[in-house]
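The values are calculated or read from the model by the stated rules, or taken from the named source; none is laboratory data. Here the structure is a predicted model, which is why all the values come from computation and not from measurement. Positions of Cβ are backbone-derived with ideal geometry, glycine not excepted, and every protein chain shown enters the neighbour counts. Surface accessibility is based on the protein's heavy atoms, side chains included, excluding ligands, DNA and RNA. Shrake-Rupley method; radii C 1.70, N 1.55, O 1.52, S 1.80 Å.
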Amino acid sequence: MPEHSRPRQHPTNPRQHHSRPRQHPAPPWRHPSRPRRLLATAGLAGLACATLAGCASVSVAAAPRTTASGSATTSSADPSGTTSSPGGGPVRIVGLGDSVTAGTNCHCTDFVSQYATGYAREHHVRTTSDNLGSNGATTTSLAEDLADDAATRRDVARSDVVLVTIGANDLVPLIARWQSKGCGTSCSAPAVTAMGNGLDTVLRRIVALRAGQPTTILVTDYWNVFEDGQVAVADYGRSFAPWSDQVTREANATIRSAAERSGAVAYVDLYRPFKGDGSTDDTHLLASDGDHPDAAGTALIARTLLAATPARPTSG
C-alpha cells in the first residue's frame, strides 16, 4: 500500500527541510530516514480514483507520460505481474517536493502512494512508489539533492513517472514583508521569479537523470502557497486571503511556464480542483493547520494527477 510522503510546513515556519518519508501512518513531522519499499496487493487498488472527469486542467508541454521513482510502495492490479516498464519490472513512481508531497498532517495515505495504486489499477501493471517529499523543501534544496544526493539521484534515474510539487516554501519570507508593510506585485515578483528559476533547474536535472529514457514528469501548482481557508482568516485576518491568492496565481503561472519551457513536463493544475474560480472555500479539503491537504484533499490530488497523466511519456 502506498506510503511515504513528506510534509509541507506552516507558512510562517517554512515546510520543514529534508526528511525522508517514513511508513504510513506517519505523524505530522518526519525524521530523516530512507523510505522502505513494500508490496501492495491488488485489493489496495480500491484507493484509486473511481471518477476522474472534471478533476483538473492539464497543460502538456511535450508528449505525455512516464517518470519518477518514489517513496516506498508497490501496488499490483494484475495477478499475472504484467508491467509496462521498459525493463519488464514494475512501473517505478517517484514523488519529489515539499511537505504536501510528504503528506504532512494528512493522517492518511499520501498522494504518491494513492497515485501508484490508481495507476496500477488503470493500466493493469505493477507499480512501486518512493516518496521523497521533505518538510520545508525549496526549489534550491531539491535541486541540490538532484545534483548531490546519491539516493535521490538513483531513485529518479530508475523512475518511470516523477511527480513534482515544489516552490511554496521559496515564498514563505513574503509573509513577514506583507505583515510589516504590505507586499504588492513589485515586492513578490522577485521571489516568484527566483522560484521559477529554481524550478527550471529542478526539471532540467530530472530530465538529465533519466538520460533520454521514456518518462512521465508531472509538476503541480498550488491551491495556495500559504495557509488558506478559515484557518488563514483566523491567523492573519480577512485581508490576507486576497493577497495570498494573488501571490499564488503569480506562482502558479510561473510553475506552468517552467513546465512549458522544459518541453518534457506536463503541468497539472490543483488550483481549480480545490478552489474553482477562486471563490470556493477549500477549508473542507485542508488539515487543521490550514496549510496541508487533509485526507479528502490528498485523495483529490491523487485523482487529479491520474486524470492528467498523458497516454505517452512526456520525455524520452
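Go through region 286-305 and give me each residue that's in contact with a Gly (Cβ under 7 Å, 6 or more places away or on another chain) and in contact (Cβ under 8 Å) with a residue 60 or more places away in the chain. Of everything in region 286-305, those that are in contact with a Gly (Cβ under 7 Å, 6 or more places away or on another chain) and in contact (Cβ under 8 Å) with a residue 60 or more places away in the chain turn out to be G290, T298, A302. When region 156-182 is filtered for residues that are closer than 30 Å to G212 by Cβ, touching a residue at least 60 places away in the same chain (Cβ under 8 Å) and part of a helix (DSSP H, G or I), the ones remaining, listed by number, are V156, A157, R158. Which count do you get for residues in region 173-187 that are over 15 Å from S239 (Cβ atoms), of a type in the set (G, A, S) and surrounded by 10 or more Cβ atoms within 10 Å (Cβ to Cβ)? Number satisfying all stated conditions: 1. Look at (1) within 18 Å of the chain's Cα centre (by Cα); (2) under 26 Å from L306 (Cα atoms) and you find that R154 fails only one, number (1).
Name the residue that is farthest from V161 (Cα to Cα), counting only residues in region 205-241 that are open to solvent by less than 10 Å² (accessible area, probe 1.4 Å) and in a loop (DSSP other than H, G, I, E, B). Taking the candidates together, the pick is E227. Where helices (runs of 4 or more DSSP H) sit wholly within region 46-150, those with at least 1 residues that are modelled with pLDDT of 70 or more, more than 12 Å from the chain's Cα centre (by Cα) and under 19 Å from P273 (Cβ atoms) occupy 111-123.
Do you know which of the residues in region 292-316 that are in a loop (DSSP other than H, G, I, E, B) and of a type in the set (D, E, K, R) is nearest to D221 (Cα to Cα)? Checking each candidate, the answer is D294.
Yes or no, residue by residue, for (1) closer than 20 Å to T101 by Cα; (2) among the hydroxyl-bearing types (S, T, Y); (3) open to solvent by 10 Å² or more (accessible area, probe 1.4 Å):
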residue: Q246; (1), (2), (3): no, no, yes
residue: A251; (1), (2), (3): yes, no, no
residue: K275; (1), (2), (3): yes, no, yes
residue: D289; (1), (2), (3): yes, no, yes
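Here's the yes/no breakdown for (1) under 28 Å from Y236 (Cβ atoms); (2) assigned to a helix (DSSP H, G or I); (3) of a type in the set (A, V, I, L, M):
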{"position": "E250", "(1), (2), (3)": "yes, yes, no"}
{"position": "A253", "(1), (2), (3)": "yes, yes, yes"}
{"position": "R261", "(1), (2), (3)": "no, yes, no"}
{"position": "D277", "(1), (2), (3)": "yes, no, no"}
{"position": "H284", "(1), (2), (3)": "yes, yes, no"}
{"position": "G290", "(1), (2), (3)": "yes, no, no"}
